[in-house]
Structure formats: structure tokens, C-alpha cells
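Undergrad: Here it is, the structure, as C-alpha cells.
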Amino acid sequence: MNKDLDVIVSRISLLFKRISYTQYWIEVVNDKYDKSYNVFFCQQKKGSHLRSTPVHKIDEYKLEYLEEVITGFRKQSNLTIKYVGFTGEVWPNSQKKIQWEKNHLE
């Protein structure tokens, strides 16, 4: 396992509380200005505000590397992963679209 994946998994395991009526997911944001990827842990309890916690910043700005990290994360967790800032881009190995439509944050 690589270092970035270890950091992400360890920090998410501390934040994930399994509270009933609460949705949990991960957001991966493409920061084109800083040339990095930011990972956030998001949670929203029913009838409450969204809480987004920064988990890690991946400085290696290569889609091949990000795909490796995401593939490793999916092997360890069933959390939904949402992408922001990847409109029109495809994964290098699988050739699948990363993000189908623009997010309201873009």
C-alpha cells in the first residue's frame, strides 16, 4: 500500500462513526491551480447541515497515481466516492469517465 492511501484510510477510520440516519461519502477534488488532489470526508445527518472534513492532500498530480489510490481505497471501503473538477476526464487504465456531469461547486 502507498503512503497516501495509508493516511487517507487511517484518518477516515477515525471520523467514521456509523451513526444511524447519517450519510457518509468521500469527495475527491481536482485542484487545478495548486496541481493537487484534495480528499474530504463528508457526513450529513438527516435534517442537518453537511459536514465536510479535509482528510488529505495528494501532491502527486498524475491521474495514473490517483487511480491507483482510488482502486486501493475501494478494496478497503464501500464508501461512495464523489468527484469534483474532473468533468470530461477519463481514468488512464480503465478509460472510464471520472465525472459525468458538472458538480454545483464547479
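The values are calculated or read from the model by the stated rules, or taken from the named source; none is laboratory data. For clarity, every value in this text was computed on a predicted model and none was experimentally measured. Cβ sites come from the backbone with ideal geometry, for glycine too, and all protein chains shown count toward neighbours.
Undergrad: Within region 54-99, restricting attention to residues that are aliphatic (A, V, I, L, M) and in a strand (DSSP E or B), which residue is nearest to the chain's Cα centre (by Cα)?
TA: Out of the qualifying residues, it is I81.
Undergrad: Going through region 56-88 one residue at a time, which ones are surrounded by 13 or more Cβ atoms within 10 Å (Cβ to Cβ), free of Cβ contacts under 8 Å to residues at least 40 places away in the same chain and more than 15 Å from I8 (Cβ to Cβ)?
TA: Hits for region 56-88 are Y61, L63, T87.
Undergrad: A further question follows. May I ask you to verify whether L50 is hydrophobic (A, V, I, L, M, F, W, C) and either surrounded by 11 or more Cβ atoms within 10 Å (Cβ to Cβ) or in contact with a Pro (Cβ under 6 Å, 6 or more places away or on another chain) (or both)?
TA: no
Undergrad: Give all pairs with beta carbons closer than 7 Å in which a residue from region 1-21 that is β-branched (V, I, T) meets a residue that is modelled with pLDDT of 90 or more and not in a helix (DSSP H, G or I); count only pairs at least 6 apart in sequence or on separate chains.
TA: Short answer, once both residue conditions are applied: V7/H56; I8/V39; I8/V55; I8/H56; I12/F41; I12/V55; I19/K45.
Undergrad: Something else: Hey, among the residues in region 89-99 that are among the hydrophobic types (A, V, I, L, M, F, W, C) and in contact (Cβ under 8 Å) with a residue 12 or more places away in the chain, which one's nearest to L15 (Cα to Cα)?
TA: So the residue we want is I98.
Undergrad: Right, K17: in a loop (DSSP other than H, G, I, E, B), more than 13 Å from the chain's Cα centre (by Cα) and of a type in the set (K, R) or not?
TA: Against the criterion (in a loop (DSSP other than H, G, I, E, B), more than 13 Å from the chain's Cα centre (by Cα) and of a type in the set (K, R)), K17 qualifies.
Undergrad: Follow-up question, since we're still on this one. May I ask you to list the residues in region 11-47 that are hydroxyl-bearing (S, T, Y), farther than 22 Å from T87 by Cβ and surrounded by 13 or more Cβ atoms within 10 Å (Cβ to Cβ)?
TA: Residues satisfying the conditions are T22, Y24.
Undergrad: When you check K102 against the structure, is it assigned to a strand (DSSP E or B), touching a residue at least 12 places away in the same chain (Cβ under 8 Å) and among the basic types (K, R), yes or no?
TA: no
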